[in-house]
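Worksheet: one structure, shown below.
The values are calculated or read from the model by the stated rules, or taken from the named source; none is laboratory data. Since the model is a prediction, treat every value here as computed from it, not as a measurement. Here the Cβ is made from the backbone with ideal geometry for all residues, glycine too, and neighbour counts use every protein chain on show.
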Amino acid sequence: MLGRVARFRLPVRTRAPAGVLAGLVALGLSADVAGARPGDLDPAFSKDGKVRTSFGEYDAAQALIAQPDGKLVAAGIGEQGDQGSVFALARYLPNGSLDRSFGDRGRQTTDFGAEASDFGAEGAVFVLARYQADGAQDASFGVGGTVTTGFGTADAAAAGVAAQADGKLVVVGTVRTPSAPADIALARYEPDGGLDPSFSDDGIVTTDLGGYDTAAALAIQPDGRIVVAAGSDGDLAIARYRTNGSLDPALGGDGAIIVDLGRTERAADVVLQDDGRIVAVGDSFRSRPCCGTDRGNLALVRLGPDGSLDPSFSDDGTQTTDFGGDDFAASAALQGDGRIIAVGGQAAPGGDVVLARYDADGALDRSFGGDGRVTTGFSYFGAGANAVAVQPDGSIVTAGDAYLSGEDSFETSDFALARYRVGTGPADADADGVGDRPDRCVDLFGPGPVGCPLYERRVSLEYSRRERAFRGTLEARLVTMPKERHRALERECEIGRTVAVFERRRGRDRRLGVDRSSGSRRFRVEAGAGDAVFYAKALRALDSELGICKAARSRGVRAR
């Protein structure tokens, strides 16, 4: 047990309630509004910005990784009937569909047996598994890809894992014995899965902060020091360890800081800024002996590298955010520009995923979702986020669980992912790598193969010497929904559309004239013509109520 732990006690402070927040932001068709606000769901991700994946009965994603290639890996638990709980992995392509090159058509499950049971179960241990890129377990790691670590007579539960630059892995969690209600536990592993003897001699460290201490997450600094976020007797705690496993006295004098926000606090995650400052994320709530908790808020604390509260962050180093319900935090991430993302849910039936984005000074970023806060519903029965990741293009993705409808709805759930936009341009609904004007029509019929309804067009051209004019017709065919003709819509890409006639020349072609196709799809351009080759071209058009009318060019004709 530590002899002295630096503590900060602050007055109770909550933000104004969010009121009634919209569960989803409607994607309108206005050229100025549609899909343009940061915090909107991204329609390029599974058409509506949301994905659900089932492994069996009760499934919940608890961790999320964004790969450099834009793919996503979600990890958590899956319930498979009589087999009980298994470790579940799913990998997704950038568009939200399962990556069928991974595991069994995008999914992978591993049964670790009884020794990977919940915290408090007799004999529970840390379990660590490593997988190859195709989802198969890595046989070079531990025994068949799995490592288990016990803590003597203590029961243990892992909470987080992080990889060092040298390939070593650090796991943090909580251990409990009859004589010690709960302590922080760390284990460091060599790349092959063996415990690292350079870490506290045997690869294992336990820390007693003086109370009921439960670890939530860890992060590794560029210099190799390990930062842990934990709860300690209802307060937020941050501990930092040197590379040899000893507590780092440069943080708060003895390696640990405890922050009391005036209510009951619980740690959820910790992220590290490039300048060495530490951001711990959790929640702050009021305990009610009769019936659990009430009026939880997201809570953030930022410390300087020395462990002092950072006064440049929301005046006193702390920030709380209310979504209007009993809110809880689960995970956090940093964007490349220094803004902070915190996600979680609402501890009530029918609760939604909650997401908040903060500027570097701790204020809610009001360019995100209108006031810095976004809620997302998956079903009437509720959902929550347990993890968040930022993709290489800056998109924000959450992962958690969404409950299903039915008699046993609160015992049945799926992995639930949602992706949010961060830019102000239109979403890349047609997956061409660019967020541009054609992406604004994604809600017309739901994205087709190219995001917007797409119309192929054909132009015919002939020249009449008697009339001294070029004339022709413009025809359109809807190709993104081939089973239906939608002739009335096709006519909209034919009638009143601009067609230009050009003379083919060496260097730059000469435009002879422009006309708009009439009600009969015909166009006419008066022009004298010599012995040359001419062609007609219909210009590409975007109609927010129709889709994309592709450009079209006729074959060349000679005016003889």
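Would you be able to say whether some residue in the stretch 188-197 is within 26 Å of G113 (Cβ to Cβ), charged (D, E, K, R) and surrounded by 19 or more Cβ atoms within 10 Å (Cβ to Cβ)? Walk me through how you get there before you give the answer.
Here is the first cut: in the stretch 188-197, the residues within 26 Å of G113 (Cβ to Cβ) are 188-196.
So of that shortlist, the ones also charged (D, E, K, R) come out as 188, 190, 192, 196.
Keeping just the survivors that are surrounded by 19 or more Cβ atoms within 10 Å (Cβ to Cβ) gives 188, 196.
Yes, the stretch 188-197 contains a residue that is within 26 Å of G113 (Cβ to Cβ), charged (D, E, K, R) and surrounded by 19 or more Cβ atoms within 10 Å (Cβ to Cβ).
Pick from the stretch 216-272 the residues that are charged (D, E, K, R) and assigned to a strand (DSSP E or B): which of them is surrounded by the fewest Cβ atoms within 10 Å (Cβ to Cβ)? Walk me through it before giving the result.
First, pick out the residues of the stretch 216-272 that are charged (D, E, K, R): 223, 225, 233, 235, 240, 242, 248, 254, 260, 263, 265-266, 269.
Still in the running and assigned to a strand (DSSP E or B): 235, 240, 260, 265-266, 269.
Working: D235: 26, R240: 23, D260: 17, E265: 25, R266: 20, D269: 25.
Among residues in the stretch 216-272 that are charged (D, E, K, R) and assigned to a strand (DSSP E or B), the one surrounded by the fewest Cβ atoms within 10 Å (Cβ to Cβ) is D260.
Looking at the structure I just gave you, is D283 within 20 Å of V227 (Cα to Cα), of a type in the set (D, E, K, R) and either assigned to a strand (DSSP E or B) or not assigned by TED's automatic domain parsing to the domain that holds D254 (or both)? Working first, answer last.
Numbers: within 20 Å of V227 (Cα to Cα): yes; of a type in the set (D, E, K, R): yes; either assigned to a strand (DSSP E or B) or not assigned by TED's automatic domain parsing to the domain that holds D254 (or both): yes.
When the stated conditions are applied, D283 passes them.
Do you know which of the residues in the stretch 120-158 that are of a type in the set (S, T, Y) and in a loop (DSSP other than H, G, I, E, B) is modelled with the highest pLDDT?
Residue satisfying both the conditions and the ranking: S140.
Can you tell me which residues in the stretch 160-172 are surrounded by 17 or more Cβ atoms within 10 Å (Cβ to Cβ) and touching a Leu at 6+ places or on another chain (Cβ under 8 Å)? If you could, list the steps in order and put the result at the bottom.
Just the residues of the stretch 160-172 that are surrounded by 17 or more Cβ atoms within 10 Å (Cβ to Cβ), to begin with: 160-161, 168-172.
Once the filter is applied, which keeps residues that are surrounded by 17 or more Cβ atoms within 10 Å (Cβ to Cβ) and touching a Leu at 6+ places or on another chain (Cβ under 8 Å), the stretch 160-172 yields G160, V161, L169, V170, V171, V172.
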(message) Being within 19 Å of the chain's Cα centre (by Cα), among the hydroxyl-bearing types (S, T, Y) and either at pLDDT below 90 or closer than 24 Å to K50 by Cα (or both) is the requirement here; does Y358 meet it?
(response) yes
(message) Restricting to the stretch 373-389, count the residues that are at pLDDT 95 or above and either closer than 20 Å to L272 by Cβ or not in a strand (DSSP E or B) (or both).
(response) 3
(request) Tell me which residues, restricted to the stretch 354-373, are aliphatic (A, V, I, L, M) and under 15 Å from G282 (Cα atoms). (result) V354, L355, A356
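Is it the case that the stretch 107-119 has a residue that's in a loop (DSSP other than H, G, I, E, B), at pLDDT 90 or above and closer than 24 Å to A66 by Cα?
Going residue by residue through the stretch 107-119, those that are in a loop (DSSP other than H, G, I, E, B) are 111-113, 117-119.
Next, only the ones that are at pLDDT 90 or above stay: none.
No, every residue in the stretch 107-119 fails to be in a loop (DSSP other than H, G, I, E, B), at pLDDT 90 or above and closer than 24 Å to A66 by Cα.
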